[in-house]
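The values are calculated or read from the model by the stated rules, or taken from the named source; none is laboratory data. Quick caveat: nothing in here was measured; it's all calculated off a predicted structure. Here the Cβ is made from the backbone with ideal geometry for all residues, glycine too, and neighbour counts use every protein chain on show.
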Amino acid sequence: MKDLTAFQRDLLYVIASLDDPYGLGIKEGLESYYDDDVNTGRVYQNLGKLVDSGYVEKAAIDKRTNSYTLTPTATAAMDDRQTWETKQVRRIDAADPTPSAEAETHS
């Protein structure tokens, strides 16, 4: 996942969260997360890149709609990312102890 943009990582997480991930449903999931409109072309362009990179499989539902599912590569990469993020947060927590009550009054 190191080679992905933040938007592409968000696409993977939205796909993972949906029961039936299809293009416009994925777009709606992103818009809900960003609390803003997302360009449809940007969604499909990045889904195509994720398919080409082996993170997502695309299958036709009908003539106009495709489904998108995570590959085992994507799932493993997301697990690795989660582990890495958890380690980073622990380092931050260890280096930045909770401020004392006195320190909080001087902020």
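Scanning segment 16-35 for residues that are assigned to a helix (DSSP H, G or I), within 22 Å of Q82 (Cβ to Cβ) and either of a type in the set (A, V, I, L, M, F, W, C) or in contact with a Phe, Trp or Tyr (Cβ under 6 Å, 6 or more places away or on another chain) (or both) yields A16, I26, L30. Report yes if some residue within segment 22-44 is modelled with pLDDT of 95 or more and within 19 Å of T73 (Cα to Cα); otherwise report no. No, because not a single residue in segment 22-44 is modelled with pLDDT of 95 or more and within 19 Å of T73 (Cα to Cα).
Being part of a strand (DSSP E or B) and more than 14 Å from V14 (Cα to Cα) is the filter; apply it to segment 36-69 and report the residue that is farthest from the chain's Cα centre (by Cα). Across segment 36-69, the extreme among qualifying residues is A60. If we scan segment 7-21, do we find a residue that is over 15 Å from Y55 (Cβ atoms) and touching a strand residue (DSSP E or B) at 6+ places or on another chain (Cβ under 8 Å)? Checked segment 7-21: at least one residue is over 15 Å from Y55 (Cβ atoms) and touching a strand residue (DSSP E or B) at 6+ places or on another chain (Cβ under 8 Å). Checking each residue in segment 45-72 for being within 17 Å of A6 (Cα to Cα) and at pLDDT below 95 picks out no residue at all. Pairs meeting the criteria (first residue in segment 11-39 and at negative phi, second residue of a type in the set (F, W, Y), beta carbons under 6 Å, at least 6 apart or on different chains) are I15/Y68; P21/Y68.
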